[in-house]
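Working notes, beginning with the structure itself.
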Amino acid sequence: MILRKIWRAFKAQINKIANIFWTADPIAQMQYEYDLAVEQMKEGREGLEQYRALVERVTRQVAASKKHEAMLEAKIKAYLQAGNRETAANFALELTKIRRELAENAAQLAMHEKSYENNLKKIKRATGKLGKVREKIQKYDAELKMSRAEAELAKLSQDFNFDVTTDFGQIEQVIQDRINLNRAKVRVASDLSGEGIEEIEAEEAMEKVMAEDALKEFEIDMGLVTPETVDIEELPKELGRATTKETEG
């Protein structure tokens with residue numbers, strides 16, 4: 001009783017393991033079964049070819065027996081016409097044996113032909129079924145892959161909510177933290193670069209004033225404006241020119 005229980009428990013565990021492998025990859029299992037069926041079909045076809053060779057041999061025997069029968073009939077007729085009944089009788093006895101063999105071979109040939117046709121029909125039908133099985137395997141494989149892809153997309157569509165509790169949300173938080181850190185580094189560098197900014201601004205203001213004075217001087221030289229309109233003091237060279245003009249006058 002104990003050994004029987006142990007054996008039953010052992011078979012249950014073996015069956016459990018077998019079911020795990022059976023359901024792990026059903027497409028591969030179907031392909032395996034299909035390949036086994038194809039191999040069996042090949043063996044069946046080889047057997048059918050050998051059987052057909054037997055049929056052909058019996059067919060040749062029947063044909064040879066018929067030919068021998070016709071020859072004996074011709075000899076018997078010839079010897080009867082020649083009046084040689086003894087020789088004709090001997091050929092008649094041989095003809096009886098040939099006809100008996102011919103009947104047996106013809107019966108065997110009919111039986112073999114019928115058996116060959118039946119097996120041929122079975123193999124053709126099995127081949128057609130295998131073709132349908134192959135199409136089903138391809139269909140199921142495509143549908144299974146599509147369903148897996150849809151399941152992954154459904155999972156991704158949920159994770160893409162970027163909830164902080166999901167992996168994507170946590171990854172996004174890490175990225176945002178790094179972006180903030182980089183921006184902070186840029187801001188600190190900018191703030192530190194503000195040292196001595198007052199001197200730079202004063203220098204820029206001085207250059208701006210000098211540029212404006214140079215522009216006004218150009219306008220006076222070209223006669224576009226007068227010193228009174230621009231409200232500036234004439235440069236020494238302008239004063240020198242004016243004094244010379246007054247003296248000449």
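The values are calculated or read from the model by the stated rules, or taken from the named source; none is laboratory data. Note that this is a predicted model, so its numbers are computed, not measured. Methodologically, a virtual Cβ is constructed for each residue, glycine included, from the backbone with ideal geometry; neighbour enumeration extends over all protein chains shown.
Tyr79 satisfies every condition listed in (1) within 29 Å of Gly47 (Cα to Cα); (2) in contact with a Ser or Thr (Cβ under 9 Å, 6 or more places away or on another chain) except (1).
If you go through region 215-222 one residue at a time, do you hit one that is outside any helix (DSSP H, G or I) and either modelled with pLDDT under 50 or more than 60 Å from the chain's Cα centre (by Cα) (or both)? Scanning region 215-222 turns up at least one residue that is outside any helix (DSSP H, G or I) and either modelled with pLDDT under 50 or more than 60 Å from the chain's Cα centre (by Cα) (or both).
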